[in-house]
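A.B. asks: This is the structure, below, for whatever I ask next.
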Amino acid sequence: MSTLTAALNASATALDAHRARIEVAVSNIANAESTRGPDGTPYRRRDVVLSASPMGGDTFDTALGKASAVGVHVADVVEDQSPFRTRYEPAHPDADKDGFVSLPNVDVPEEVVDMLGAARAYQANLQAIGLIQDTIKKALELGK
Amino acid sequence: MTMPIGSIATGTPSIADARPSPSAGAAGKSSGPFGEKLTALLDSVDESAGQANSAVGNMMDGTGDVHQAMIALQKAENSLQLTVQVRNKLVQAYQDVMRMTI
């Protein structure tokens with residue numbers, strides 16, 4: 001299925017995917033100082049894994065890998081296994097015996113940059129949807 | 001407010017049945033009468049309007065996103081516009097035939 005509607009659906013999946021990226025960046029920023037999570041350990045930075053998924057279901061073109069409209073979906077949200085930051089703060093309730101507190105492995109400036117990228121990608125897809133919409137409108141004007 | 005659009009088709013039986021007689025005899029062909037096509041088109045408008053409705057509802061109660069609601073609305077508008085264009089052509093053709101002098 002290679003219709004303008006399929007293109008529209010592909011852009012719509014991209015909006016969902018980049019919305020997820022923004023969400024993850026926002027949770028990383030929000031939890032940059034969270035020293036304990038549900039399991040008692042500090043929050044770990046999360047990352048979104050995006051995967052391309054052909055639109056239009058099980059068609060011959062899809063099976064051949066020749067579908068022209070390829071959407072995107074969030075394949076996984078993974079936790080960054082890099083070491084936690086530490087800060088000397090003996091009065092903190094989560095400090096270890098040497099007085100160091102483990103803080104999430106989140107670098108706030110980096111997250112802000114990631115979020116800007118995700119927001120720009122979202123906007124780019126909005127622009128694409130606008131163009132597809134204009135094209136569909138123009139095609140409908142053929143009947144006038 | 002949410003009147004099923006499909007009911008319009010039943011209001012125009014004379015247009016829907018105004019098909020060339022040879023195709024009426026050709027039963028079993030994949031292309032059914034035009035009236036059925038029109039009804040199917042109206043049903044699809046109905047369906048996309050329903051989807052748009054639920055997408056907007058989801059957005060309002062926080063389970064859906066703004067873009068999902070807007071895209072559903074745009075799709076509904078597209079299929080409605082397509083139906084309106086098909087209907088315009090249909091009425092125009094009907095009037096052209098009616099104006100024909102014999």
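The values are calculated or read from the model by the stated rules, or taken from the named source; none is laboratory data. Remember, predicted model here, so these are calculated numbers, not experimental data. Cβ placement follows ideal geometry from the backbone for every residue including glycine, while neighbour counts extend to all protein chains displayed. When the accessible area is computed, the model is the full protein with side chains, heavy atoms only, and any ligands, DNA or RNA have been set aside. Shrake-Rupley method; radii C 1.70, N 1.55, O 1.52, S 1.80 Å.
A.B. asks: Looking only at the stretch A:8-32, how many residues end up being touching a helix residue (DSSP H, G or I) at 6+ places or on another chain (Cβ under 6 Å), away from every other protein chain (no Cβ under 14 Å) and either open to solvent by 20 Å² or more (accessible area, probe 1.4 Å) or of a type outside the set (Gly, Ala, Ser) (or both)?
C.D. replies: Count: 2.
A.B. asks: From the list A:50, A:103, pick out the single residue that is closer than 20 Å to residue B:68 by Cβ and surrounded by 15 or more Cβ atoms within 10 Å (Cβ to Cβ).
C.D. replies: A:50
A.B. asks: Sticking with this structure for a sec: Exactly one condition in (1) modelled with pLDDT of 55 or more; (2) assigned to a helix (DSSP H, G or I); (3) within 29 Å of residue A:144 (Cβ to Cβ) is not met by residue B:4; state its number.
C.D. replies: Every condition holds for residue B:4 apart from (2).
A.B. asks: Filter the stretch B:57-76 down to the residues that are of a type in the set (Val, Ile, Thr) and open to solvent by 50 Å² or more (accessible area, probe 1.4 Å), then identify the one that is farthest from the chain's Cα centre (by Cα).
C.D. replies: Top of the filtered list is B:63.
A.B. asks: Let me ask something else about it. Working carefully through the options A:97, A:138, find the one that is in a helix (DSSP H, G or I), more than 9 Å from chain B (Cβ to nearest Cβ) and among the basic types (Lys, Arg).
C.D. replies: A:138
A.B. asks: Restricting attention to the stretch B:47-102, which residues are under 23 Å from residue A:126 (Cβ atoms), among the polar types (S, T, N, Q) and more than 14 Å from chain A (Cβ to nearest Cβ)?
C.D. replies: Residues satisfying the conditions are B:53, B:54.
A.B. asks: Would you confirm whether or not the stretch A:109-119 contains a residue that is open to solvent by less than 30 Å² (accessible area, probe 1.4 Å), part of a strand (DSSP E or B) and farther than 15 Å from residue A:11 by Cβ?
C.D. replies: So far as the stretch A:109-119 goes, no, none of its residues is open to solvent by less than 30 Å² (accessible area, probe 1.4 Å), part of a strand (DSSP E or B) and farther than 15 Å from residue A:11 by Cβ.
A.B. asks: Among A:52, A:91, A:75, which is farther than 27 Å from residue A:19 by Cβ and at pLDDT below 95?
C.D. replies: A:91
A.B. asks: Could you say whether any residue in the stretch B:55-68 is of a type in the set (Gly, Ala, Ser) and modelled with pLDDT of 90 or more?
C.D. replies: yes
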